[in-house]
Amino acid sequence: MTSSSAPRKPRLLYVEDDAEIAGMTSEVLGETYDVEHVADGAVALRRALGGGYELMLVDRRLPGMDGIELVRAIRTARITTPILLLTALGAIGDRVDGLDAGANDYLVKPFDYDELLARLRALLRGFRADGRRRSVGGWTFVPDSSAMYGADGARVALTATENALLRLLTDSPEHIFSRDEILRAVFASEDAASSVDTYVHYVRRKTDAEVIETVRGQGYRAGASA
């Protein structure tokens, strides 16, 4: 007997404190996205830092943390997920503030749902295309071809395990992965925790020490992109 399942919906973090607007918008978005709605900016930041979202839809005016502050904090944490900022403020300066903080696009309220969905589709397409090339520690990582490229264009081939390790770290560049997390995600069940340190060393030896950052007492994370 064969079984089929529906395609996975992209995860979207929706931050809006107006309950009526949030309810209607979540219903529309829910047809295409796996929507997680929160009404508070500070709560939204904690969720965003946990990673795993492919899009974020953020209102400009929020309790707990203003939308601009939220976007800026997300970008400071090196989270590259596309952000569409919703604003009732039509002034050019307010839109510029949002883009300067790190939002990818903005939409002025009241908005048309067809336009909202179109803008989200465009952001998601761009994010997925960019995800094929990832900047890490001054190098460009291309997971689809198991390769790293230096600033001079030199190509370094990665083994399957090295590639899986870097893919894990760069999927959530803001997250500090413990050795146990990396071991479970990348290595076989019989491998020892020391295998993680060994492969981190292998990647650094092929590239630079800055490609994988050691966070003392916690684990590893992807090196800064610049």
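The values are calculated or read from the model by the stated rules, or taken from the named source; none is laboratory data. This structure is a prediction, so every number in the text was calculated from the model and none was measured. Note: ideal-geometry Cβ built from the backbone for every residue, glycine included; neighbour counts use all protein chains shown.
What the table below lists for this structure:
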| quantity | calculated |
| --- | --- |
| Boolean, Arg184 is among the basic types (Lys, Arg), more than 18 Å from the chain's Cα centre (by Cα) and not assigned by TED's automatic domain parsing to the domain that holds Ala48 | yes |
| Helices (runs of 4 or more DSSP H) (entirely within region 13-105) containing at least 2 residues that are over 17 Å from the mean Cα position of the chain (by Cα) and closer than 16 Å to Leu117 by Cα | 19-29 |
| Residue ID - modelled with the lowest pLDDT, chosen from residues in region 148-162 that are surrounded by 15 or more Cβ atoms within 10 Å (Cβ to Cβ) and not acidic (Asp, Glu) | Tyr149 |
| Hits in region 179-212 - residues which are touching a residue at least 60 places away in the same chain (Cβ under 8 Å) and charged (D, E, K, R) | Asp208, Glu210 |
| Residues located in region 52-95, provided they are of a type in the set (Asp, Glu) and touching a residue at least 60 places away in the same chain (Cβ under 8 Å) | Glu54 |
